[in-house]
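Chemist: Encoded as structure tokens, here's the structure I'll be asking about.
The values are calculated or read from the model by the stated rules, or taken from the named source; none is laboratory data. Keep in mind the model is a prediction, meaning the values are calculated, not measured. No Cβ is skipped: glycine too gets one built from the backbone with ideal geometry, and neighbour counts run over all protein chains shown.
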Amino acid sequence: MHLYSLLCVIICVFAFECHAQQFYAREEPVEPCGGKGSKQVDVRGSREQRRAAETIIASFKRDSFACSEKPGTIITQDSVRIDLQDAVGGFERNGKRWRNLQLQQNGPRRPGYPSTIATVLIECNKTFPIRLVRKAFVDSMAKCAMIWLSQ
Ligand SMILES: *[C@@H]1O[C@H](CO)[C@@H](O)[C@H](O)[C@H]1NC(C)=O
């Protein structure tokens, strides 16, 4: 009886491990980081900007995006917002389809300067653990990199 239980546990663990979903988060540095001509704001020196971004990231609840979803603002809080940016259908790269999520500064934009605080390229039609989506936003601003989140 004990042997059967033990075998069952081993088989169950093995089956679970084999079916565990793999998630990938690839970093692509933003160069230059911050300043005129950059694609992303460098918030690493601004505690206030980071705090506003961290607050909106913590309340972000979307863990999947359809490739066919219309672009637009998903959530706005005070000085920042998170947008789904690209056209319906997303875009193709490395044999996968992606959507472009951007954490943006609200308010008037200085010509030539970025308003994007974090960039997450997320594979569409897939579901991710929400903690990985949030971590991708945090890593993007902390490391000044675009994060490619895929399965
Ligand atoms: C995404 O899912 C929808 C609905 O199931 C499907 O019609 C569409 O072809 C899928 N797109 C891609 C790129 O997988």
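Chemist: Please go through the range 54-75 and give me each residue that is in a strand (DSSP E or B) and either of a type in the set (V, I, T) or under 15 Å from the mean Cα position of the chain (by Cα) (or both), ordered by number.
Modeler: S64, T73, I74, I75
Chemist: Hey, another quick one. Among what's in the range 94-112 and is within 13 Å of the ligand (Cβ to nearest atom) and in contact (Cβ under 8 Å) with a residue 40 or more places away in the chain, pick the residue that is farthest from K135 (Cα to Cα).
Modeler: First pass over the range 94-112, keeping only residues within 13 Å of the ligand (Cβ to nearest atom): 95-99.
So of that shortlist, the ones also in contact (Cβ under 8 Å) with a residue 40 or more places away in the chain come out as 96, 98.
Working: K96: 21, W98: 18 Å.
Out of the qualifying residues, it is K96.
Chemist: Out of everything in the range 75-85 that is surrounded by 13 or more Cβ atoms within 10 Å (Cβ to Cβ) and in contact (Cβ under 8 Å) with a residue 24 or more places away in the chain, what residue ends up being farthest from F23 (Cα to Cα)?
Modeler: Filtering the range 75-85 for residues surrounded by 13 or more Cβ atoms within 10 Å (Cβ to Cβ) gives 75-77, 79-85.
Filter again for in contact (Cβ under 8 Å) with a residue 24 or more places away in the chain, leaving 76-77, 79-82.
Details: T76: 27, Q77: 29, S79: 31, V80: 27, R81: 25, I82: 22 Å.
The extreme case among them is S79.
Chemist: Continuing with this model, one more query. Suppose the filter is aromatic (F, W, Y) and within 16 Å of the ligand (Cβ to nearest atom); does F91 pass it?
Modeler: Values: aromatic (F, W, Y): yes; within 16 Å of the ligand (Cβ to nearest atom): yes.
Here the answer is yes, as F91 does meet what is asked.
Chemist: Applying the selection to the range 113-136, what residues are within 16 Å of the ligand (Cβ to nearest atom) and either of a type in the set (D, E, K, R) or assigned to a loop (DSSP other than H, G, I, E, B) (or both)?
Modeler: Step one: filter the range 113-136 for residues within 16 Å of the ligand (Cβ to nearest atom), giving 121-128.
Correct list: E123, C124, N125, K126, F128.
Chemist: Would you mention how many residues in the range 86-100 are surrounded by 14 or more Cβ atoms within 10 Å (Cβ to Cβ) and at negative phi? Step through it out loud before you land on a result.
Modeler: The initial filter retains those residues of the range 86-100 that are surrounded by 14 or more Cβ atoms within 10 Å (Cβ to Cβ), namely 86, 90-91, 96-100.
Still in the running and at negative phi: 86, 91, 96-100.
Final tally of qualifying residues: 7.
Chemist: Could I ask something else about it? Just give me the residues in the range 27-50 being among the hydroxyl-bearing types (S, T, Y) and surrounded by fewer than 17 Cβ atoms within 10 Å (Cβ to Cβ), in sequence order. Spell out how you get there, then give the answer.
Modeler: Pass one, the range 27-50, residues among the hydroxyl-bearing types (S, T, Y): 38, 46.
Passing the criteria: only S46.
Chemist: Cβ-Cβ under 6 Å, sequence separation 6+ or interchain: first residue in the range 129-148 and among the aromatic types (F, W, Y), partner in a helix (DSSP H, G or I). Which pairs?
Modeler: Correct list of pairs: F137/I57.
Chemist: So, one more: Being under 21 Å from V138 (Cα atoms) and modelled with pLDDT of 95 or more, is that true of even one residue in the range 85-96?
Modeler: No, the range 85-96 contains no residue that is under 21 Å from V138 (Cα atoms) and modelled with pLDDT of 95 or more.
Chemist: Taking only the range 45-78 into account, find how many residues are at pLDDT 95 or above, among the small types (G, A, S) and more than 16 Å from the ligand (Cβ to nearest atom).
Modeler: The number of residues fulfilling the criteria is 5.
Chemist: How many residues are within 17 Å of the chain's Cα centre (by Cα) and not in a loop (DSSP other than H, G, I, E, B) if we restrict to the range 23-50?
Modeler: 7
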